[in-house]
Amino acid sequence: MAMTAKHVWSVDTFGAGENGQDQNGDTYEEYKKAVSRFKNTTAVKGRSEDMCHNFDDMKFDFIFIDADHQTKSVVTDIKSWWNKLKMDGIMAFHDCNWPTVVAALEKFKFKFYKGADTILYTYKKSLHLNYKE
């Protein structure tokens, strides 16, 4: 992504959560090392739903959700970032083989497209986010 994008923003706590992911400790330094050859990346360390307020609405062409895999957290990420996505922008989701991620996605009336691996994505066609509890 960083090879072709104008700029890549990464928002993450860079730490293990309570979501069952196999991740030990703080991964921030490891991440910075991995992207150090790219000059168009910015890492924002913090919780997704807190950090989204630092960005204007309709800013991003593409948003990739791959954070806390608990159903409530995925729903919160989608709700937090939807307005930050431009019309006709793409919101993609990783680990769509996790039952908790699937449960979250089923709460929205998105038309999904299959990407590589365990990725699903949708296009923003409406400002309104259609959500059912």
### Task
Run F38 past the list (1) surrounded by 18 or more Cβ atoms within 10 Å (Cβ to Cβ); (2) closer than 20 Å to H7 by Cα; (3) of a type in the set (F, W, Y) and report the number of the one that doesn't hold.
(1)
### Query
Do any residues in region 72-91 that are of a type in the set (V, I, T) have Cβ atoms under 7 Å from those of residues that are outside any strand (DSSP E or B) and surrounded by 21 or more Cβ atoms within 10 Å (Cβ to Cβ), where the two are at least six apart or on different chains, and which pairs are they?
V74/V101; V74/A104; V75/A104
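Since every read-out is calculated from the coordinates, none of them should be taken as a lab result. All figures in this text were calculated on a predicted structure; none of them were measured in a lab. Positions of Cβ are generated from backbone atoms using ideal geometry, with glycine treated the same way; all protein chains shown enter the neighbour counts.
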